[in-house]
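Here's the structure we're looking at; comments come further down.
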Amino acid sequence: MNLLIENLNSAILNSIDINVIKTLNGELTRDDLESSLVNLTYNKVIIDITAIKNYFDYSSLFSFLSFFDSNNVIILLNNSEIVNSKGFISKLVEEGYYNFTKNVAGITYLLEHPNNLSDVEKYLISNNNGQSNIYNPLNSSTVQDHNQNATPISSNNSGTSKTKVIGIKNLTSHSGATTLMYMMIKQLKLNYQVAGIECLGQDSIYFREPDITMSTSLEDVKMRVNALNNRDAVIIDFNDIDASELCDEVLYLVDPGIIKLNKIIKGNVNINDLMNKGKIILNRSPLKDEEVANFEYETKMKVFYNMPNFNDRAEKLQKVDILLVKLGFNKQGKIGLFGSFK
């Protein structure tokens with residue numbers, strides 16, 4: 001008799017013709033297992049990856065999985081970019097979880113023919129000169145398909161091998177980091193391959209932008225950034241996670257309104273330290289460009305860019321493109337989109 005733990009992939013698991021002693025549904029934690037599986041005897045446990053709460057976070061993932069004997073676990077993976085990443089699969093193998101697939105055929109096979117290390121060691125990421133010898137197992141019916149070709153890392157459309165990672169942080173409260181992230185992605189997609197990550201929030205879902213995903217922890221952000229290494233750029237809305245260590249640039253957004261500004265000036269924020277680490281952006285700014293110098297003198301802030309209020313429904317925004325050009329995305333300044341801008 002087998003145990004099923006299912007969530008978003010329940011349709012797949014419900015189609016398997018096996019004996020099931022118990023089924024758990026929903027997004028679950030280690031504590032849920034401890035309270036629901038007291039004295040339960042079973043043969044194999046088949047786990048829908050989406051049933052593990054915060055499965056993108058290694059700590060949550062392996063805390064959950066360690067409740068079971070790894071030899072008895074079969075993991076049903078999904079199509080997310082993180083789960084399909086080389087690092088994620090390699091980490092599963094490193095931790096002793098050798099049986100994973102994406103479909104019914106794979107589950108059925110692994111119930112009768114479980115993998116051992118020799119079957120899956122090809123998925124481990126090698127440390128030799130930073131190269132990977134990992135195969136992509138997720139397009140085959142089982143991880144036993146030895147004819148699967150190695151999946152190369154795609155090169156960026158920009159012709160470079162490095163993804164530029166830009167973090168955005170509201171320095172004053174509610175300064176528009178999520179909206180600016182969305183508009184930067186929207187503009188960059190005209191010329192580049194780009195993705196966004198919103199940390200500890202879900203405001204970006206209202207933009208209905210498929211290239212923005214949500215993140216629950218710093219470890220999760222690291223995994224997502226690694227999985228997006230074929231993009232030209234990744235834009236991260238920090239919220240309350242400090243992911244600056246992952247970034248090439250950090251933009252600190254300041255609303256120049258008197259009340260919000262005085263709160264950070266009189267607070268414990270070290271402006272000089274922030275300016276050394278990143279760039280100050282006046283966002284939703286009522287100031288004219290010629291007034292910025294006076295603002296800098298009064299606040300002792302060096303302003304990188306003065307972003308006015310804009311209509312986020314607009315198809316193209318020259319002000320956002322000017323910021324992107326200043327950040328090194330020179331294709332945004334091509335004559336023909338908006339003419340050249342100085």
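The values are calculated or read from the model by the stated rules, or taken from the named source; none is laboratory data. In this text, all values refer to a predicted model and were calculated from it rather than measured experimentally. In this analysis, Cβ positions are derived from the backbone assuming ideal geometry, glycine residues included, and neighbour counts consider all displayed protein chains. Heads up: the accessible areas ignore ligands, DNA and RNA and are worked out on the full protein's heavy atoms, side chains in. Shrake-Rupley method; radii C 1.70, N 1.55, O 1.52, S 1.80 Å.
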Notebook entry, point to check: Between residue 11 and residue 117, what length in nm is gained on full extension when 0.36 nm per residue of separation is reduced by their alpha carbon distance?
Noted result: 35.2 nm
Note to self: Taking 0.36 nm per residue of sequence separation and subtracting the Cα-Cα distance, how much length would be gained by fully extending the chain between residue 104 and residue 294, in nm to one decimal?
What the structure shows: 61.8 nm
Note to self: I'd like to check one number: the per residue accessible area of the range 55-110, probe 1.4 Å, reported in Å² as a whole number.
What the structure shows: 33 Å²
Check: Counting only protein heavy atoms and using a 1.4 Å probe, what share of the accessible area of the range 51-99 belongs to carbon plus sulfur, as a whole percent?
Finding: 38 percent
Margin query: For a bin width of 10 Å, list the pair-distance distribution of the range 233-333 built from all Cα-Cα distances, rounded to whole %.
Written below: 13, 44, 36, 7, 0
Next item on the list: At q = 0.09, 0.16, 0.22 Å⁻¹, what is the base-10 log of I(q)/I(0) for the range 1-122 according to the Debye formula with one equal point scatterer per Cα and no solvent? Please give it to two decimals.
Entry: -0.21, -0.72, -1.50
Next item on the list: Rank-order 284-293, 233-242, 6-15 by packing density, defined as the average count of other C-beta atoms within 10 Å over each peptide's residues, highest first.
Entry: 233-242, 6-15, 284-293
Check: Structure shown: which of 260/316; 302/331; 164/288; 169/319 lie over 23 Å apart, alpha-carbon to alpha-carbon?
Finding: 260/316; 302/331; 164/288
Notebook entry, point to check: How many Å³ per residue does the convex hull of the Cα positions in the range 182-277 occupy?
Noted result: 125 Å³
Check: Tell me, what is the FRET efficiency for residue 240 and residue 94 to the nearest 0.05, using R0 = 30 angstrom and their Cβ-Cβ distance as r?
Finding: 0.50
Item checked: Rounded to whole Hz, the Karplus (6.51, -1.76, 1.60) HN-Hα couplings of the range 67-73, x for glycine and proline -> 5, 10, 5, 4, 5, 9, 9
Item checked: Taking the convex hull of Cα positions in the chain, its mean projected area over all directions (nm²) -> 20.8 nm²
Next item on the list: Report the full-extension gain for the segment residue 40 to residue 248: residue separation times 0.36 nm, less the Cα-Cα distance, to one decimal in nm.
Entry: 69.9 nm
